[in-house]
Amino acid sequence: MIKDMVVKALRDYEFYQAVDQNYDVILNANEHHMDILNEKLQDKMIEAIKNVSINRYPHPNNISLRKKYADFIGLDTENVIATVGSDEGIRVISDTFLEAGDVAVSAVPTFSMYKEIAVLGKGKFINIESDDALSVDVEKIIKVSNENNAKVIYICSPNNPSGYIYKREDIIKVIDNTKSIVVIDEAYMDFYGESNLDLINYSNRVIVLKTMSKAFAGAGLRVGFILSDKETSSYLDASRLPYNLSSVSEAIAMVLLDNYDIVKEEIDVIINERERVKKVIEKIDDVTLFPVSANFITFRSKKAEELYLKLEENGISVRKFGDELKDTLRISIGSKEENKKLIEVIKEVI
């Protein structure tokens, strides 16, 4: 049987499966509601693509994009690695630091790729359960990491799906009290505003992940970044395959960086809309609202299943969780019109 020839990690493990998006309103994937490039930067995008030689391989080290992003966030080019979204960033980290049997840990619930990539790399992954309020016990992270000689600790802040924000002093406590690589995933930080990027200067064991999929409205580009100390970055870059980013993605990503003022305007719109949706969700009976810090709102309610079915009936997709997060929904913040439709259904249910 072919299954017997497949690596053990793939045979029985149920990996994440993205769902089809056959909905009128898509609020289940934490995407940006606006196609900024086509709606506001189309001419600049087209001009950038015209200058791409599609018949040639891209630069093997994405040097132009790395330099531009380094200038954008105030680092040197050598601190920056460009990746195919955060997913490749996580895989590069795993390939660099995890050998067969090595351990990675993270508080859960969180982004599923941390576990899946570690398992596929023949490593082990330890879930550290959060409390009922989805808050994280940092002392437990330290204890479990040290007891299991964890090589990598993942900290997603703001966390997906809980919205939990790790206090800066808690992150430093993890760094100081473990020997692990500490990966801070800041995919949603643009919607919160307080980055821990400077901690790459605090320890060469700190790595920060960034993405252009959320605040930059570039999910289809698949562009992300690994940021770290220069020595750490040199080892990470050795694990990255050359020509990993397409020339088109690189060129368009630079258009977004050059026009950050437009990106920032839309971030502010999302934050304002988030507050509008939050006020309505707070009126649901017996609702538990988790920290609102990203471009989504996660909440628990006995009416969650009823609301989910009513939204589906109206062509609106939101994220529903299984037994691990019973009676819990995560709703991405959409456009004003999309949020209006969402609010109408919520009001009907409550």
(request) May I ask you to work out the translational diffusion coefficient for the stretch 125-266 at 4 °C, viscosity 1.567 mPa s, via Stokes-Einstein with Rh from the Kirkwood sum over Cα pairs, reported in whole µm²/s? (result) 78
(request) Sort the following peptides by mean Cβ neighbour count (other Cβ atoms within 10 Å, averaged over residues), highest first: 333-344, 117-128. (result) 117-128, 333-344
(request) Label the stretch 278-337 by shape, choosing from rounded, prolate and oblate, from the square roots a ≥ b ≥ c of the eigenvalues of the Cα gyration tensor; if a/c is under 1.5 it is rounded, and otherwise prolate applies when a/b is larger than b/c, oblate when it is not. (result) rounded
(request) State, in angstrom, two size descriptors of the stretch 227-289 derived from its alpha carbons: Rg to one decimal place and Dmax to the nearest whole number. (result) 20.1, 53
(message) Spelling out what I want: for every residue of the stretch 261-276, take phi, set θ = phi - 60°, compute 6.51 cos²θ - 1.76 cosθ + 1.60 (Karplus), and round to whole Hz; glycine and proline get x.
(response) 4, 6, 4, 5, 4, 6, 4, 5, 4, 4, 4, 5, 5, 4, 5, 5
(message) Based on the alpha carbons, how large is the Rg to Rh ratio for the stretch 218-350 when Rh follows Kirkwood?
(response) 1.10
(message) Per 0.36 nm of contour for each residue apart, how much would the distance between D35 and T288 grow if the chain were fully extended, relative to their Cα-Cα spacing?
(response) 87.9 nm
(message) Considering only C-alpha atoms, what is the centroid distance from the stretch 187-217 to the stretch 71-108, in Å?
(response) 12
(message) Going by average Cβ density within 10 Å per residue, which order do the peptides 211-220, 129-138 take, highest to lowest?
(response) 211-220, 129-138
(message) Can I get the semi-axes of the chain's equivalent ellipsoid? Compute them from the C-alpha gyration tensor as square roots of 5 times the eigenvalues, in angstrom, largest first.
(response) 31, 27, 20
(message) Exceeding 18 Å between C-alpha atoms, which entries from my cross-link table qualify? They are K310/K340; K115/K214; K50/K264.
(response) K115/K214; K50/K264
(request) Pairs of Cα atoms under 8 Å, at least six residues apart: use those to get the relative contact order of the chain, whole percent. (result) 22
(message) Give the lysines whose C-alpha is closer than 16 Å to that of K67, dropping any in the same chain fewer than 8 places away, or say none.
(response) K210, K230
(request) Would you be so kind as to identify which of S135, G121, V152 lies farthest towards the positive end of the dipole of the chain, taking Lys and Arg as +1 and Asp and Glu as -1 on Cβ and the Cα centre as origin? (result) G121
(message) With the cut-off at 1.5 for a/c, could you classify the stretch 105-163 from its C-alpha gyration tensor as rounded, prolate or oblate?
(response) oblate
(request) Enumerate the amide H contacts of D185 below 5 Å, restricted to partners 5 or more residues apart or on another chain; note that Pro and chain-start residues carry no placed amide H. (result) I155, C156, S157, L209
(request) Note down the relative contact order for the stretch 276-350 as a percent, whole number, built from C-alpha pairs under 8 angstrom at least six residues apart. (result) 34
(request) Arrange the peptides 263-273, 147-157 so that the one whose residues have, on average, the most other Cβ atoms within 10 Å appears first. (result) 147-157, 263-273
(message) With the cut-off at 1.5 for a/c, could you classify the stretch 1-97 from its C-alpha gyration tensor as rounded, prolate or oblate?
(response) oblate
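Just so you know, all these numbers are worked out from the coordinates, no wet-lab data involved. Note that this is a predicted model, so its numbers are computed, not measured. Don't worry about glycine lacking a Cβ; one is built from the backbone with ideal geometry, like all the others, and counts go over all protein chains shown.
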